[in-house]
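First the structure, in the form of structure tokens, and then the observations on it.
The values are calculated or read from the model by the stated rules, or taken from the named source; none is laboratory data. Quick caveat, the model's predicted, so the values are computed rather than measured. As a convention, Cβ positions derive from the backbone with ideal geometry for all residues, glycine included, and neighbour counts pool all protein chains shown. Surface areas here come from the heavy atoms of the whole protein model, side chains and all, with no ligands, DNA or RNA. Shrake-Rupley method; radii C 1.70, N 1.55, O 1.52, S 1.80 Å.
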Amino acid sequence: MIIPVKLGERSYDVVIEKGIFNSAEKELKLKRKVLIVTDDGVPFEYAKRISKKCEKSWISVIKSGENHKNLRTMEKLFALMLEKGFTRKDCVVAVGGGIVGDLAGFTAASYMRGIDFYNIPTTVLSCVDSSVGGKTAVNFWGVKNIIGAFWQPKKVLIDVELLHSLPERQISNGLAEAVKMALTFDKDFFEVFRKFDVEKAGLSTDDDFLQEVIARSVQLKADVVEKDEKEAGLRKVLNFGHTIGHGIELCSRGRLYHGECVALGMLCMSSEEVRGELLPILKKLKLPVSCRVNYKKALECVSHDKKGSGSTISCVLVNEAGTFELKDMTLEEIGQRMQQVLD
């Protein structure tokens, strides 16, 4: 399946096909210098297999974790590219999850004012969300994704076979972002999660389910990005669950994954009716529905959120599955929702 992201001269295809990784050289232009960026949480074999398909390549393995998605890590990538004589004609390939994609993409966007970038996501989370749309960034001074650029990839390859190495918790982590897409834009898609029999199929063993979820999520996100590439309006809806989620994520210090925090954020920003529908789905997908969090610290993190404007934060609410409402809320209002739902 090929899903085009139509952005004029910045257009590209997202190719979703089981086994496509084995013929990546037919999809990507690799007859040049290639920097392959991966992290130590990804099977190194993936990067090696891409390297063998390149004319000239170097693999950079970064340390996994949000605390390594920073300017210091970028500096090491820049140094390697300069040392090996990379030019504007060369490219960067990300082989990994969202952290790798964000970092590699921002490196490509910045080196010589922008070189080609390809993304091969290896987590469900990056497949359904961060690999599409061109948002690249690093963290700085404890603020998530505060320095970055919009830099669209030349192509994205998604192969469910690369997800087989993931632990079940990481599958659940990614599915939270897919639920987000369904809740805000597609009630029929939301029904897919309601009807999914996890006991019969299993989260990590049903390739057909994962491929359908990924394809539907990517199509929805492509539609949004085409209408609003740089988050001037509609694309803000993709932040559903993220404002509170980011605050919880930073306070958890790695105890909770990104998708798990988004799941908690979605519960807080849903109506009572939607929460009643969402709770059993999150439990079925083995995502958290409550947590212990220092609300004061979480709200401090929320106050740094880039979606803030003056004394209020732009938030996304879902009062009915398949719909959304954008609303400016004060930190006090956000805190009240957190306490009411998560305690």
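Among the listed residues Ile214, Ile313, which satisfies the condition of being buried (at least 19 other Cβ atoms within 10 Å of the Cβ), over 16 Å from the mean Cα position of the chain (by Cα) and touching a residue at least 24 places away in the same chain (Cβ under 8 Å)?
Ile313
State which residue is farthest from Val198 (Cα to Cα) when the search covers only the range 271-288 and only residues that are under 23 Å from the mean Cα position of the chain (by Cα) and in a loop (DSSP other than H, G, I, E, B).
Of everything passing the filter in the range 271-288, Pro288 is farthest from Val198 (Cα to Cα).
Which condition number in (1) more than 25 Å from Leu166 (Cβ to Cβ); (2) surrounded by 13 or more Cβ atoms within 10 Å (Cβ to Cβ); (3) not aromatic (Phe, Trp, Tyr) is the one that Ala104 fails?
Answer for Ala104: the failing condition is (1).
Which condition number in (1) part of a loop (DSSP other than H, G, I, E, B); (2) open to solvent by 20 Å² or more (accessible area, probe 1.4 Å); (3) in contact with a strand residue (DSSP E or B) (Cβ under 6 Å, 6 or more places away or on another chain) is the one that Lys53 fails?
With respect to (1) part of a loop (DSSP other than H, G, I, E, B); (2) open to solvent by 20 Å² or more (accessible area, probe 1.4 Å); (3) in contact with a strand residue (DSSP E or B) (Cβ under 6 Å, 6 or more places away or on another chain), Lys53 is out only on (3).
Say whether the condition of being assigned to a helix (DSSP H, G or I), among the small types (Gly, Ala, Ser) and closer than 30 Å to Ile2 by Cβ is met by at least one residue in the range 242-262.
Yes, the conditions are met somewhere in the range 242-262.
Taking the range 73-96 on its own, how many of its residues are open to solvent by 10 Å² or more (accessible area, probe 1.4 Å) and small (Gly, Ala, Ser)?
Number satisfying all stated conditions: 2.
Any residue in the range 318-341 that's in a loop (DSSP other than H, G, I, E, B): show its pairings with residues that are modelled with pLDDT of 90 or more and of a type in the set (Phe, Trp, Tyr) at Cβ separation under 8 Å, as long as the two are six or more apart or on different chains.
So the pair list comes out as Ala321/Phe190; Gly322/Phe185; Gly322/Phe190; Phe324/Phe185; Phe324/Phe240.
Any idea how many residues of the range 24-42 are assigned to a helix (DSSP H, G or I) and either within 21 Å of the chain's Cα centre (by Cα) or of a type in the set (S, T, N, Q) (or both)?
So the answer is 0.
Of all the residues that make up the range 120-135, how many are in a strand (DSSP E or B) and open to solvent by less than 10 Å² (accessible area, probe 1.4 Å)?
Counting residues in the range 120-135 that are in a strand (DSSP E or B) and open to solvent by less than 10 Å² (accessible area, probe 1.4 Å) gives 2.
When the residues of the range 137-152 are narrowed to those that are outside any loop (DSSP other than H, G, I, E, B) and open to solvent by less than 40 Å² (accessible area, probe 1.4 Å), which ends up nearest to Ser11 (Cα to Cα)?
The extreme case among them is Ala149.
Only one of (1) open to solvent by 20 Å² or more (accessible area, probe 1.4 Å); (2) touching a strand residue (DSSP E or B) at 6+ places or on another chain (Cβ under 6 Å) is not met by Ile99, so which one is it?
Status for Ile99: all satisfied but (2).
hydroxyl-bearing (Ser, Thr, Tyr), open to solvent by 50 Å² or more (accessible area, probe 1.4 Å) and over 18 Å from Val179 (Cβ atoms), is that true of Ser303?
Here the answer is yes, as Ser303 does meet what is asked.
Residue-by-condition table, conditions (1) open to solvent by less than 30 Å² (accessible area, probe 1.4 Å); (2) farther than 15 Å from Thr323 by Cα:
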position	(1), (2)
Ala232	no, yes
Leu238	yes, no
Gly245	yes, yes
Ile248	yes, yes
Ser252	yes, yes
Cys261	yes, yes
Leu264	yes, yes
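Mind checking whether some residue in the range 172-183 is modelled with pLDDT of 95 or more and either open to solvent by 10 Å² or more (accessible area, probe 1.4 Å) or more than 17 Å from the chain's Cα centre (by Cα) (or both)?
No, the range 172-183 contains no residue that is modelled with pLDDT of 95 or more and either open to solvent by 10 Å² or more (accessible area, probe 1.4 Å) or more than 17 Å from the chain's Cα centre (by Cα) (or both).
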